[in-house]
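Beneath this line is the structure, given in structure tokens, with notes to follow.
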Amino acid sequence: MSQKVRDIAFGEDVLKGKNSDLLEVNEGHAAVVRVVNHENAKQKPLDEVKDQIRTALLAQKARELVAQKGEATLKALQAKQAWAALAETSAGAETAVQKTGLIGRGDAKAAPEVLAKAFALPQPAAGKSSWGGVALGNGDYALFAVKAVKVGDSKVDASASDIYAQSVAMRELAAMMKAWREAATVETHPENL
């Protein structure tokens, strides 16, 4: 429901049983709002919501524990510089590690949170890895290692250079036209239009 419809539906006249004025919702679509039944907001009884509260609190605590375990495992991985540290921290087996290979900033092989954190890590030293961890939106904790960084290709082909030059020229032209319009005094003759 759009904010416009919501405002009308909870307006004083509509809540008293009157129809709203004609309201254009979208182009070519209009509506009239009438409230048949309205209940004021009220706090639900605890018995009705206690299961939802319990579930939410358990999920929150589980996310906190997963994050703590993830951070502790990350410290062990950083110290050992090997996935073998997973077994030592009871976080799993080295064989469970998903090896994605080289990934790009917009790659779908990893979650966006992982990509953001991975590309923020420092470049690893020769023979070492940069280790990272991040809590995911679903409550999981992802651990990852950046073993190498491949510098992107900075060459620009002729067509990309032309497109950029056209874009700059269009912006310059638009700025110049705007300045002319602001500086000009325009006199219109409606009888000639």
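The values are calculated or read from the model by the stated rules, or taken from the named source; none is laboratory data. These numbers come from a predicted model, not from an experiment. No Cβ is skipped: glycine too gets one built from the backbone with ideal geometry, and neighbour counts run over all protein chains shown. Accessible surface is based on the protein model in full, side chains and every heavy atom, while ligands, DNA and RNA are left aside. Shrake-Rupley method; radii C 1.70, N 1.55, O 1.52, S 1.80 Å.
Considering every residue within the range 36-53, establish whether at least one is at pLDDT 90 or above and either among the small types (G, A, S) or closer than 29 Å to A142 by Cα (or both). Yes: one or more hits. Among the residues that make up the range 16-25, is at least one of them in contact with a Gly (Cβ under 8 Å, 6 or more places away or on another chain), surrounded by 11 or more Cβ atoms within 10 Å (Cβ to Cβ) and either more than 30 Å from K128 (Cβ to Cβ) or among the small types (G, A, S) (or both)? Yes: the range 16-25 contains one or more residues that are in contact with a Gly (Cβ under 8 Å, 6 or more places away or on another chain), surrounded by 11 or more Cβ atoms within 10 Å (Cβ to Cβ) and either more than 30 Å from K128 (Cβ to Cβ) or among the small types (G, A, S) (or both).
Every condition in (1) touching an Asp or Glu at 6+ places or on another chain (Cβ under 9 Å); (2) open to solvent by 90 Å² or more (accessible area, probe 1.4 Å) is met by Y141 except one, and the failing one is (2). Applying the selection to the range 122-138, what residues are open to solvent by less than 90 Å² (accessible area, probe 1.4 Å) and charged (D, E, K, R)? Matches in the range 122-138: none. Taken over the range 111-143, the residue count meeting the criterion of being more than 21 Å from the chain's Cα centre (by Cα), in contact (Cβ under 8 Å) with a residue 24 or more places away in the chain and closer than 18 Å to K99 by Cβ is 4.
Tell me whether the range 152-163 contains one or more residues that are within 30 Å of A56 (Cβ to Cβ) and of a type in the set (D, E, K, R). Checking the range 152-163: not a single residue is within 30 Å of A56 (Cβ to Cβ) and of a type in the set (D, E, K, R).
Okay, residues lined up against (1) closer than 17 Å to A142 by Cβ; (2) exposed (fewer than 13 other Cβ atoms within 10 Å of the Cβ); (3) among the basic types (K, R):
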residue: Q81; (1), (2), (3): no, no, no
residue: A84; (1), (2), (3): no, yes, no
residue: A96; (1), (2), (3): yes, yes, no
residue: T100; (1), (2), (3): yes, yes, no
residue: G104; (1), (2), (3): no, yes, no
residue: L115; (1), (2), (3): yes, no, no
residue: A120; (1), (2), (3): yes, yes, no
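From the list R6, R54, R34, the one residue that fits, being open to solvent by less than 100 Å² (accessible area, probe 1.4 Å), among the basic types (K, R) and over 22 Å from A148 (Cα atoms), is R6. Which one is surrounded by the fewest Cβ atoms within 10 Å (Cβ to Cβ), of the residues in the range 57-74 that are more than 21 Å from Q98 (Cβ to Cβ) and charged (D, E, K, R)? Selected residue: K61. Checking the range 149-162 against the condition returns no match, with no residue being open to solvent by 70 Å² or more (accessible area, probe 1.4 Å) and either touching a helix residue (DSSP H, G or I) at 6+ places or on another chain (Cβ under 6 Å) or modelled with pLDDT of 90 or more (or both).
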